[in-house]
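In what follows, a structure is listed as C-alpha cells, so that the remarks can point back to it.
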Amino acid sequence: MRETLTDRQGRPLKRISLQKRVELRRLYMAEMPGWRRPLVGYLFTIPIVGIGLVALFLERSFLSNLYFPSTFLLVTTLLIALFWGVGPALFSVVLGTISLYYIYISPFMLSSIPGTQEILQLLPYIIAGLVVAIITAQRETARYHALFAEEVANEHADELARANFELEQANKLKDQFLSMASHELKTPITSIRGQAQLALRRIAKQREVSSDISTAYTSLEKIEQQTRRLDALVEDLLDLSSIQAGKIPLQMSKCDLVEICRAVVEEQRLLSGRTISLEIPPEIVKIRADANRLSQVITNLVSNALKYSPDDKPISVRLSQDDDNITIAVEDEGSGIDREEQEHIFEPFYRASHARNSSKNGMGLGLAICKDIVERHGGSIWCDSHPGKGSSFFVRLPQD
Ligand code: ADP
C-alpha cells in the first residue's frame, strides 16, 4: 500500500507531479540571469576545466611533489555546480576524468582500455565529483519545493482573500438589513406604545371603571411594558449599527464623572428598589467625554449587575482616579461568567450560557455597545468574574 506523506501536523503533503516539476523548472529558469542558464554553463565548463588544467600544470612545474592533482579539477566542478547546477557539474567531472587519465595514466587513452588499477586511481576524484553533483541536485530540488510551497501559499492566500471579501460583503448586507429592519420597526412600535399610553391615561382619568375596562387596563399595561422592551431592543440594534459604522459623532464636552455615576445610581435605585452602593472621590472628576454615552455605559453595566444577580444581593459602583486614568468598577454577587465565555461577552449578540438558559431577556448587544463607546473615548473595558461568586466590570478612561 502506498503511504501518504504528511507534514508535522499530520496533514497530507502534496506531491509534485512531473508536469508541475517541468513548469517549476521553467519558472525557476525564468528568474535566473541569462549567463546562469545550463546551456551557457555547458559552454563555460570547457574553458573553466581548461583553466583548472593550466593551474594543475603550473603547480606541477613549481612543486617537485604534487600530492593531490585532482584538487584543481574538483574546485572547478564546485564552481560550475554553484553557478550552473547539476548538469554542467557532471559534464565537468567527465571532462576532468578524461583529462586526469590522459595526463597521469595513459597519454594514448584512445588506444588503451583502463584497467582496475587506473580506475582505482581515478575513483576518489569521480566519487568526490559525483557527491558535489548530488548535493547540487538536492539543493535544486529544495528550491523547487520552496517554489512549489510558495505557489500553494499564494493559491491559499487568493482563496482566503476571496472568502474574506465574501464574508465582508455578507457582513455589510447583515448590517444593512439590521439597520433597515430596526428603522422600519421603530415607527410602528412607537405608535403602538403611544396609543397604549394614551388609552392608559384616559382610563386613569375616569372616576368609575367597570371590570371590563379594568381588564383592558391591565392588558394595555402589558402592551406598554412589552413595547417598551421592544423599543429598547430596537434602540440597541440601531445604536450598534450606527456606532459600528462610525455614524454617531461623540458630543465631547467637559463633564463630571462623579455627577454621571451619581445620577445613574440614583435612577437605578429608584427603578429597581435594590441596594446599590456608590463610592466616589471627594472632589469632582473632570473628563472630556460624551456625557450621555458614558451614562449609557454605566447604566448598562449597573442594569446587567441587577439583572444577573439575586434581588437580595447588593451592587456596588466605585469611581477612582490616578494620575493618568479614571476607573469605574461595577460589582455584583451574582451568577458570574465562565472563564471561556468571558472572552466573548463583548461580541455583538453573544450571551453566556447562564443567560441563554435563564428567563432573563436580552440580545447580547449591551456590552458590545459599551465596548465601542469606551474605545471611542480611548479607554478600555474588561471583566473579572468568578462563577457562583459574582462579576466585576471595569471601565478605564484616560484623563485627557
Ligand atoms: P444581554 O444582557 O442583553 O444578554 P449584554 O451584552 O449586556 O447582553 O451582556 C452579554 C452577556 O454577558 C450576557 O448575556 C450575560 O451572559 C453576560 N453578563 C453581562 N453582565 C453580567 C453580569 N453582571 N453577571 C453575569 N453575566 C453577565
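What number of residues within the range 261-280 satisfy the criterion of being within 30 Å of Asp322 (Cβ to Cβ), of a type in the set (S, T, N, Q) and open to solvent by 40 Å² or more (accessible area, probe 1.4 Å)?
Within the range 261-280, residues that are within 30 Å of Asp322 (Cβ to Cβ), of a type in the set (S, T, N, Q) and open to solvent by 40 Å² or more (accessible area, probe 1.4 Å) number 2.
Which condition breaks for His145 when tested against (1) modelled with pLDDT under 90; (2) under 48 Å from the mean Cα position of the chain (by Cα); (3) more than 26 Å from Leu39 (Cα to Cα); (4) open to solvent by 60 Å² or more (accessible area, probe 1.4 Å)?
If we test His145 against (1) modelled with pLDDT under 90; (2) under 48 Å from the mean Cα position of the chain (by Cα); (3) more than 26 Å from Leu39 (Cα to Cα); (4) open to solvent by 60 Å² or more (accessible area, probe 1.4 Å), just (3) comes out false.
Taking the range 372-395 on its own, how many of its residues are open to solvent by 70 Å² or more (accessible area, probe 1.4 Å) and outside any loop (DSSP other than H, G, I, E, B)?
4
Could you please let me know if Gly334 is at positive phi, within 12 Å of the ligand (Cβ to nearest atom) and touching a residue at least 12 places away in the same chain (Cβ under 8 Å)?
no
If I filter the range 245-260 down to residues being assigned to a helix (DSSP H, G or I) and buried (at least 16 other Cβ atoms within 10 Å of the Cβ), which single residue comes out as farthest from the ligand (Cβ to nearest atom)?
Val258
Being open to solvent by 30 Å² or more (accessible area, probe 1.4 Å) and in contact with a helix residue (DSSP H, G or I) (Cβ under 8 Å, 6 or more places away or on another chain) is the filter here, so list the residues in the range 305-333 that pass it.
Selection gives Tyr308, Glu331.
For the range 339-355, check the following and say yes or no: at least one residue is in contact (Cβ under 8 Å) with a residue 12 or more places away in the chain and under 20 Å from Leu257 (Cα atoms).
For the range 339-355, residues in contact (Cβ under 8 Å) with a residue 12 or more places away in the chain and under 20 Å from Leu257 (Cα atoms): absent.
Residue by residue, here is whether (1) more than 9 Å from the ligand (Cβ to nearest atom); (2) over 22 Å from Ser316 (Cα atoms); (3) at pLDDT 90 or above; (4) among the hydroxyl-bearing types (Ser, Thr, Tyr) holds:
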residue	(1), (2), (3), (4)
Asn361	no, yes, no, no
Gly366	no, no, yes, no
Gly378	yes, yes, yes, no
Asp384	yes, no, yes, no
Ser391	no, no, yes, yes
Phe394	yes, no, yes, no
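Could you check the range 281-295 and list, in sequence order, the residues that are open to solvent by 50 Å² or more (accessible area, probe 1.4 Å) and within 40 Å of the chain's Cα centre (by Cα)?
Lys286, Arg288, Asn292
Answer yes if at least one residue in the range 303-321 is at positive phi, more than 8 Å from the ligand (Cβ to nearest atom) and modelled with pLDDT under 95, and no otherwise.
Filtering the range 303-321 for residues at positive phi gives none.
No, there is no match, as no residue in the range 303-321 is at positive phi, more than 8 Å from the ligand (Cβ to nearest atom) and modelled with pLDDT under 95.
The values are calculated or read from the model by the stated rules, or taken from the named source; none is laboratory data. Remember, predicted model here, so these are calculated numbers, not experimental data. Neighbour counts run over all protein chains shown; Cβ positions are idealised from the backbone, glycine included. Calculation scope for accessible area: heavy atoms of the full protein, side chains included, ligands and nucleic acids excluded. Shrake-Rupley method; radii C 1.70, N 1.55, O 1.52, S 1.80 Å.
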